[in-house]
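Quick notes on the structure that follows.
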Amino acid sequence: MKNTKTTMKALSAAVVAVLVTACGSGGTSKSSNNQNSAPPSNRPAENNLQQVTLTQDNFTNVASQSLKSLLLNEAGTNALNKSVVITTDRINPFSHDSVTGLVLTIAPFPCSNSGTIKGTLSLNNADGGLVLDPSRDVVGTINAEFASCDHGGFGLDGNINGTLNGNLAKNNFASALNVANLTVQQPNFPTFLFNGEFSYNAVSHDFVSVQIDVSSHSSVYFADDAYQQFDLTMSKVVNNSTGDYSYQIASEFTDSMHPDAYVSYQTLAPLTGNGFSLPTGGELAVQGSNGTVYAYPQSEGRLLLELDLNDDGIIDDVTESTWEELVLSSLRTE
């Protein structure tokens, strides 16, 4: 078959593109330097927890936990991408002619730096055609087991499995992935472990700009606390040429610091940055039962938090901090 080898490489290129990424005062008016959007609407959690109550004493802590959850979700998305990349980039399934599709066993092989990966990959034509054809939509399953895999500085240890479907030649595919005790070591980020069930879609029309959409209704991240997530939706766009990224996210979670309440957050303006660096632009709303904390990532690792109790448009407290102080330092204590 012609161009079959480049087809699988195109898939890997589309997926790997997203990996070029990773003191208060009171009573001020809302019409300050930042023009906040309207707060997001409340959505009841899927359990019986009450939404967290915000105060001037706890809002920085609630924002801190939310920003940790956000970064864990973003790094988890990178880990899902990397898992698919490493697994599919090793093989060229369309070099095998088959009338009924194929099932490939991936024997243990070394990752680029250290560790190994093994697993299976099966593919069939989605329309039932007899000869596996890369120009058609395909359906299949993926099962990968990573053993202390260090692949170009990105570490994975654990298992993923699930389904794949889409048109590989057009770089458009979707998957449903199950993650079991996957430990992740991402550049410039503390090590963490997570479990969950994720819907994961990748779309690229030019092999340069890639959009990744991830959602989950059941996931747990273990870092400095346990973050039990009820709902997650995330859409990330990466330019593979410049490394610039932009993403939108919404989540509801509870953690071991607030076990009797849930916290919700969502972007009001996309978070932006470059490579594996922290976001340097955008707006995040962290919502409690009685108000909203607005978080603004800024340059040089700085963060600005504004508390609006009662969502009345009046800023009740302001805190200036950094990602290191508010988020990363405690994650590194794990």
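The values are calculated or read from the model by the stated rules, or taken from the named source; none is laboratory data. Quick caveat: nothing in here was measured; it's all calculated off a predicted structure. Here the Cβ positions follow ideal geometry from the backbone for every residue, glycine too, while neighbour counts run over all protein chains shown.
Here is a yes/no grid of residues against (1) assigned to a strand (DSSP E or B); (2) modelled with pLDDT of 95 or more; (3) touching a Leu at 6+ places or on another chain (Cβ under 6 Å):
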site	(1), (2), (3)
Y227	yes, no, no
L232	yes, yes, no
A269	yes, yes, no
E283	yes, yes, yes
Q287	yes, yes, no
V293	yes, yes, yes
Y296	yes, yes, yes
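So for the range 93-113 (the condition being of a type in the set (G, A, S) and modelled with pLDDT of 90 or more), does at least one residue qualify?
Taking the range 93-113 and keeping what is of a type in the set (G, A, S), we get 95, 98, 101, 107, 112.
If we keep only those that are modelled with pLDDT of 90 or more too, we end up with 112.
Scanning the range 93-113, I find at least one residue that is of a type in the set (G, A, S) and modelled with pLDDT of 90 or more, so the answer is yes.
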Among the residues that make up the range 168-177, is at least one of them within 15 Å of the chain's Cα centre (by Cα), part of a strand (DSSP E or B) and buried (at least 18 other Cβ atoms within 10 Å of the Cβ)? yes
Filtering the range 52-68 down to residues that are in contact with a Gly (Cβ under 9 Å, 6 or more places away or on another chain) and part of a helix (DSSP H, G or I), which residue is surrounded by the fewest Cβ atoms within 10 Å (Cβ to Cβ)? T60
How many of the residues in the range 178-193 are aliphatic (A, V, I, L, M) and surrounded by fewer than 20 Cβ atoms within 10 Å (Cβ to Cβ)? 2
Would you mention how many residues in the range 299-324 are under 22 Å from the mean Cα position of the chain (by Cα) and of a type outside the set (G, A, S)? 5
